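As structure tokens, the structure follows; a few thoughts come after it.
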Amino acid sequence: MLGLVGNLISSVLLGTSKTFKAAIIARSFNGLMAGNVVVVKTMVAEISDNTNRPRMMAMTPLMWNLGSVAGSAVGGLFADPVNQYPRWFGNSVIFKEYPYLLPCLIGCSVTIFGLV
């Protein structure tokens, strides 16, 4: 749970970064809090048996890669929403100030779902 909370904090920090240095610090903090991969592998090993363990272990990197592709797509589609989607976000002060906050918040929603 600490890793998920750290992911939430680092994502918001990344979305509100105004300098490259701040973005690097936010991503570094995310890396420090990224101990969830070991926990996932342990949980998969615990909830599986010999009949389905190889298939379940193979799903872990598949989901990781799917998340990498989907996350990149979300980042590209929702970055700078004031200019990309002025009809919906044209009057938004916060997204004008922080153009990369929206994709980070969308990623945070996935993390919040994991916390629940």
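Here Phe113 meets each of (1) surrounded by 11 or more Cβ atoms within 10 Å (Cβ to Cβ); (2) closer than 19 Å to Gly6 by Cβ with one exception, condition (1). Close contacts from segment 54-74, counting a first residue that is closer than 14 Å to Met43 by Cα and without any contact (Cβ under 8 Å) to a residue 24 or more places away in the chain and a second that is surrounded by 11 or more Cβ atoms within 10 Å (Cβ to Cβ) and not β-branched (Val, Ile, Thr), with Cβ to Cβ under 7 Å and a gap of 6+ residues or different chains, come to Met56/Ser48; Thr60/Lys41.
Asn30 falls short on exactly one of the conditions (1) surrounded by fewer than 14 Cβ atoms within 10 Å (Cβ to Cβ); (2) in contact with a Ser or Thr (Cβ under 8 Å, 6 or more places away or on another chain), and that condition is (1).
I want to confirm something. Restricting to segment 33-51 and keeping residues that are under 22 Å from Leu2 (Cα atoms) and among the polar types (S, T, N, Q), which single residue is modelled with the highest pLDDT? Within segment 33-51, the match that is modelled with the highest pLDDT is Thr42.
Looking only at residues of segment 86-99 that are of a type outside the set (Phe, Trp, Tyr) and part of a loop (DSSP other than H, G, I, E, B), we find that the one that is most open to solvent (accessible area, probe 1.4 Å) is Asn91.
Leu105 fulfils the conditions (1) in a helix (DSSP H, G or I); (2) open to solvent by less than 40 Å² (accessible area, probe 1.4 Å); (3) in contact (Cβ under 8 Å) with a residue 12 or more places away in the chain except for a single criterion, (2).
Here's the yes/no breakdown for (1) farther than 23 Å from Leu13 by Cβ; (2) exposed (fewer than 11 other Cβ atoms within 10 Å of the Cβ):
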| site | (1), (2) |
| --- | --- |
| Val40 | yes, no |
| Ile47 | yes, yes |
| Asn50 | yes, yes |
| Pro61 | yes, yes |
| Ser68 | no, yes |
| Leu77 | no, no |
| Pro81 | no, no |
| Gln84 | no, no |
| Leu101 | no, no |
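In the condition set (1) surrounded by 12 or more Cβ atoms within 10 Å (Cβ to Cβ); (2) at pLDDT below 95, Pro54 is compliant with all but (1). Looking across segment 7-25, the residues that are under 15 Å from the mean Cα position of the chain (by Cα), open to solvent by 40 Å² or more (accessible area, probe 1.4 Å) and free of Cβ contacts under 8 Å to residues at least 60 places away in the same chain come down to Ile9, Leu13.
The values are calculated or read from the model by the stated rules, or taken from the named source; none is laboratory data. Here the structure is a predicted model, which is why all the values come from computation and not from measurement. FYI the Cβ positions are ideal-geometry reconstructions off the backbone, even for glycines, and counts take in every protein chain you see. Ligands, DNA and RNA are stripped out before the accessible areas are found, and what is left, the full protein with its side chains, is counted by its heavy atoms. Shrake-Rupley method; radii C 1.70, N 1.55, O 1.52, S 1.80 Å.
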